[in-house]
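S.K.: My structure is below; once you've seen it, I'll send some questions.
Computed from the coordinates by the stated procedures, all read-outs in this text should not be read as laboratory data. Quick caveat: nothing in here was measured; it's all calculated off a predicted structure. Here the Cβ positions follow ideal geometry from the backbone for every residue, glycine too, while neighbour counts run over all protein chains shown.
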Amino acid sequence: MKKLFVYSFCLLAIGMIQKSNSQVNLGLDLMLGLPQGEFKDNVGSIGGGITGQVSWSPSQRMPFSVGLNLGLLIYGSESRREPFSTTIPDVTVQVNRTNNLMNFHFLFRIIPQKGDVRPYLEGLFGGAYLFTQTKIENTSGGEEIASSVNFDDYAWNYGGGGGLMFCVHREKEPELGKISEIFIDLNARYLYGTRADYLREGSIKNLGGGKIGYDIVRSTTDLITIHLGAVMFF
């Protein structure tokens, strides 16, 4: 599922850039996630992650754009060292577990297509994939030995937000298919999420005898996200 999201995102980006009579932008942001409501009560921590987006406007005269947004947020993590096996206790490995939320949204944005400073409003609709993943890594080099998704679920979400872009670079004679402008982008969103089952820090228990137990929680998945990144216009 994650690979399908990324593949679809890249295909749309390539297709949009090839439209010579349109305004296209690609963005990449660092993201802070602040769980809200029941989600905050269960998780209780600020998460971090990254988002990417591509949007398209049919003309530089039209103050709106449509596109896709893809983001990955880590809202909890655990790490420990364990013996490689019961028969080889003198070799240890690093066990890393992360609780993750991947968003995939259709994006509608009201934004001027010209100017050094561009305020905007946006609406989003899509889904969230919540999953907990455990990885075993080499303690010396950090190479991954094995990994497994322990638990996952899906939720619908939607919301809105706004932001401000500041131009930091502009080509005097832009060429077709190449970067014409670069902006710094500051953005905030509120996302309303439907109910989902998920794990949090400490939810996986070792029951002994090679068995584990899950402390599954269920709630709405509301989230505020704050973004800082760069946007390239073509």
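S.K.: Test of understanding: ordering Y192, Y75 by Cβ neighbours within 10 Å, fewest first, what list do you get?
M.R.: Fewest to most other Cβ atoms nearby, the residues stand as Y192, Y75.
S.K.: In addition: Which loop-located trypsin sites (Lys or Arg not before Pro) does region 105-161 contain, where loop means any DSSP state but H, G, I, E or B and the Cβ has at most 12 other Cβ atoms within 10 Å?
M.R.: Sparse-neighbourhood loop trypsin sites (Lys or Arg not before Pro): K114.
S.K.: Can you sort D116, D29 so the residue with the fewest Cβ neighbours within 10 Å comes first?
M.R.: The fewest-first ordering by Cβ neighbours comes to D116, D29.
S.K.: Another question, then. Per residue of region 27-44, in order, report the coupling 6.51 cos²θ - 1.76 cosθ + 1.60 (Karplus, θ = phi - 60°) as ³J(HN,Hα) in whole Hz, putting x for Gly and Pro.
M.R.: Ordered by residue, 3J(HN,Hα) equals x, 9, 10, 8, 10, 10, x, 10, x, 10, x, 4, 4, 5, 4, 7, 8, x Hz.
S.K.: A further question follows. Can you work out ³J(HN,Hα) from phi for every residue in region 192-208, in order, using Karplus 6.51 cos²θ - 1.76 cosθ + 1.60 and θ = phi - 60°, giving whole Hz and x for Gly and Pro?
M.R.: 8, x, 6, 6, 8, 8, 7, 10, 10, 4, x, 6, 9, 10, 7, 8, x
S.K.: Please count, across the chain, the pairs of lysine residues with Cα atoms under 29 Å apart that sit 8 or more places apart or on different chains.
M.R.: 19
S.K.: Gap in Å between the Cα centre of region 23-62 and the Cα centre of region 69-134?
M.R.: So the separation of the two Cα centres works out to 11 Å.
S.K.: On average over all directions, what projected area in square nanometres does region 88-209 have, based on the convex hull of its Cα atoms?
M.R.: Details: hull surface 50.4 nm².
Result: a mean projected hull area of 12.6 nm².
S.K.: Treat every Asp and Glu Cβ in the chain as -1 and every Lys and Arg Cβ as +1, leave all other atoms uncharged, and give the resulting dipole magnitude about the Cα centre to the nearest 20 debye. Can you show the working numbers first?
M.R.: Working: 21 positive and 22 negative charges, 93 e Å.
The dipole magnitude comes to about 440 debye.
S.K.: Only helical DSSP H runs with n ≥ 4 go in: add -39500 (n - 2.57) per run for the chain, normalise by residue count and round the 222 nm mean residue ellipticity to 500 deg cm²/dmol. Mind showing how you got there, number by number?
M.R.: Working: 2 runs with 23 residues, N = 234.
Taking each H run of at least 4 residues, the total per residue is -3000 deg cm²/dmol.
S.K.: Hey, another quick one. Among 123-133, 89-99, how do they line up from the highest to the lowest mean number of other beta-carbon atoms within 10 Å? Provide the component values of the computation, followed by the final result.
M.R.: Values: 123-133: 18.7, 89-99: 15.2.
In descending order of packing, they fall as 123-133, 89-99.
S.K.: Taking amide H positions as placed in the peptide plane 1.01 Å from N, state which residues far from N150 in sequence (5 or more) or on other chains have amide H under 5 Å from it.
M.R.: T132, Q133, T134
S.K.: Averaging over every viewing direction, what projected area does the convex hull of the Cα atoms of the chain cover, in nm²?
M.R.: Over all viewing directions, the chain projects a mean Cα-hull area of 14.4 nm².
S.K.: Amide H of S219 versus every other amide H placed in the peptide plane: which residues, excluding those fewer than 5 positions away on the same chain, fall under 5 Å?
M.R.: A196
S.K.: In whole Hz, with x marking every Gly and Pro, tabulate ³J(HN,Hα) for region 211-227 from phi via Karplus 6.51 cos²θ - 1.76 cosθ + 1.60, θ = phi - 60°.
M.R.: Along region 211-227, the couplings run 10, 10, x, 10, 9, 7, 10, 9, 6, 5, 10, 5, 7, 9, 10, 10, 10 Hz.
S.K.: In degrees from 0 to 90, rounded to the nearest 10, what is the angle of the helix 2-17 Cα long axis to the longest principal axis of the chain?
M.R.: Relative to the chain, helix 2-17 is tipped by roughly 10 degrees.
S.K.: In region 80-160, what GluC sites (Glu not before Pro) fall in a loop by DSSP, with at most 14 other Cβ atoms inside 10 Å?
M.R.: Sites meeting the loop and neighbour criteria: E143.
S.K.: Here's something else I'd like to know. Taking every pair of alpha-carbon atoms in region 169-222, give the share separated by more than 18 Å as a whole percent. Let's see the in-between values first.
M.R.: Details: 940 of 1431 pairs.
So the pairs more than 18 Å apart make up 66 percent of the total in region 169-222.
S.K.: What list do you get for F166, F234, F151 if you sort them by fewest beta carbons within 10 Å?
M.R.: F166, F151, F234
S.K.: Next up: For I145 and L164 in the same chain, what is the full-extension length gain: residue separation times 0.36 nm, less their Cα-Cα distance, in nm?
M.R.: Result: 2.6 nm gained on full extension.
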